[in-house]
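Read the structure below first, then the notes.
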Amino acid sequence: MSLELQILGSNSAAFAHRRHHTSQLFRIQNQLFLIDCGEGTQLLLKKHQIKISKIDHILISHLHGDHYFGLIGLLSTMHLFGRQKDLTLVAPPGLAEIITLQLKHSQTWLSYNIDFVEWTPDQVELVFENALVTIHTIPMDHGVPCSGFLFKEKEKRRRIHREVFKELNLTPLEISKLKNGEDILNTDGAIRYENQELTLDPHPRYSYAYCSDTRFKPSITEQIKDVNLLYHESTFADDMEERAHTTFHSTAKEAATVAKEANADKLILGHFSARYRELDVILDEARTVFPETELAIEGTKFQVP
Ligand SMILES: [Zn+2]
Ligand SMILES: [Zn+2]
C-alpha cells in the first residue's frame, strides 16, 4: 500500500526564513489526511498542487494558533467551491465551538457537513477507523490540551503463492478463504489444501506517528514502539534546553531520544524556532543520538517505511 507524508509548513510560533506554520499531508492510497492547519496552509496546498476537494479528513493537535489559524479559511474555501461530501474534523475540545461561532457571525451555512470527532485530553483514544487505517491519539505534554496522532495500517490478509494461481483452479471464494487463513476443504470436510502450503505471511503493517508540540515525554515510546516513521517537534537546539522545558517544547536531542527509545525506522524533525535561520545545528545534534534523522523541509515527501 502506498503511504506518503508531505511536509507543508514546518515552523513554530512565527513565520520566518520562508518557513510556515505547521501543516502536513498524510496520504494512504488515494485518501488524504491533513494534519494541523496553520496560517498559510491553503496557499501551501495550492503551491504543491494538492486539490482541497480531495481532503476528507483534518486532524488538529491543539488550539495554539500556529496549528489551526488556517482552518476557518480552508473550510470557507471548501464551501465556496461547493463541496458536498462530509468532512471529518478530529478536533480538540473547544474547536467545534470556535468554528460554529465564526460561521454564525458571518452568516455562513456550509454546503457540506462537518463530522466533529472531539478527542479527550490525556487519554489514548481511537478517533478514526476505516478499511485501511486506524488513528489513535497520543497525549502530549504541552500545558494546554494537545495530542499527537498514531496512524496504523489495518491488519493485512495472507498472500497467496503466485504459482498457486497458475496451477490450481481455485474459485474466488476459496481464494478469499485462503487469504483469511483458512484451509480449503472437500465436501466431506477433509482438508484438500492446507493454508500454510499455499500462502505467505501478510506484508508488515506500517505506521506513522505525528508528535505535535510537547515537552520531552519519554513515556510515549511505549505507545509508538517500532513505529516506521516518526515526526517529532524539535523547536530548539541543545543550548535552549531550559527554555524548551519552561515553554513545553523539545530539543532536537530529546526528539532523537524518543525515536531511539521507540526503535523508530526514521525520525523527521520540525516546528523550528524562528531563532534558527540555518537548521544544521538541529539536525547534527539529533543525529548524534539517532542517525536516521531528517528535517521537515517544506515540500519534501517521505515514503513509509
Ligand atoms: Zn506550535
Ligand atoms: Zn503549541
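Taken together, the values in this text are just the output of simple stated rules run on the coordinates, not laboratory data. Small disclaimer: the values here were computed from a predicted structure and weren't measured. Every residue, glycine as well, gets a Cβ built from its backbone with ideal geometry; the counts of neighbours run over all protein chains shown.
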Size of electric dipole in the range 155-266: Cβ of Lys, Arg +1 and of Asp, Glu -1, about Cα centre, debye, nearest 20: 320
In which sequence would V258, V144, V127, V133 go, from the one with the fewest C-beta neighbours within 10 Å to the one with the most? V144, V127, V133, V258
Within the under-15-Å Cβ sphere about Q303, not counting Q303, Lys/Arg +1 and Asp/Glu -1 give a net charge of -2
Net +/- balance of residues flanking D265 in space, Cβ distance below 10 Å, scoring K and R +1, D and E -1: -1
Taking a 31 Å limit on the Cα-Cα distance, which of the listed pairs K85/K154; K156/K253; K179/K225; K85/K301; K51/K260 fall beyond it? K156/K253; K51/K260
In Å and from the alpha-carbon atoms only, list the Rg and Dmax of the range 159-200. 9.5, 28
Return the single residue from K104, K154, K260 with maximal mean-square fluctuation; model: Gaussian network over the chain, springs between Cα atoms under 10 Å. K104
Which three semi-axes in whole Å describe the equivalent ellipsoid of the range 42-168, each the square root of 5 times a Cα gyration tensor eigenvalue, listed largest first? 33, 21, 13
Can you work out ³J(HN,Hα) from phi for every residue in the range 235-251, in order, using Karplus 6.51 cos²θ - 1.76 cosθ + 1.60 and θ = phi - 60°, giving whole Hz and x for Gly and Pro? 5, 10, 8, 4, 5, 10, 4, 4, 5, 4, 5, 6, 9, 6, 10, 10, 9
May I ask for the distance between the Cα centers of the range 160-228 and the range 1-55, given as a whole number of Å? 32
If I stretch the segment between L126 and R277 completely, what's the gain in nm (0.36 nm per residue apart, minus their alpha carbon distance), one decimal? 50.6 nm
If each residue of separation counts as 0.36 nm, what is the full-extension length gain between L200 and T77 once their alpha-carbon separation is subtracted? 39.6 nm
Roughly how big is the range 192-242's charge dipole about its Cα centre, with Cβ charges of +1 (Lys, Arg) and -1 (Asp, Glu), in debye to the nearest 20? 360
Mean projection of the alpha-carbon convex hull of the range 35-105 over all orientations, in nm²? 4.7
Given H placed 1.01 Å from N in the peptide plane, which residues other than close sequence neighbours of C146 have an amide H under 5 Å from its amide H? D122, M140
Cα centroid of the range 248-283 to Cα centroid of the range 100-154, whole Å: 25
Residue of T235, T134, T187 that the Gaussian network model of the chain assigns the largest fluctuation, springs spanning Cα pairs under 10 Å: T187
Write down the radius of gyration of the range 121-195 and its Dmax, each obtained from C-alpha positions, in Å. 20.8, 65
Just subtract the alpha-carbon distance of F15 and T300 from 0.36 nm times their residue separation and send over the number in nm, one decimal. 100.8 nm
I need to check one value: relative contact order of the chain, counting alpha carbon pairs closer than 8 Å and at least 6 residues apart, in percent. 16
Of the candidates L80, V117, T251, the farthest towards the positive dipole end of the chain (Lys/Arg Cβ +1, Asp/Glu Cβ -1, centred on the Cα centre) is L80
Counted neighbours (other Cβ, 10 Å), sorted fewest up, put W119, W109 in the order W109, W119
Taking every alpha carbon pair in the chain, what does the distance histogram look like in 10 angstrom bins from 0, in percent? 6, 26, 30, 18, 12, 7, 2, 0
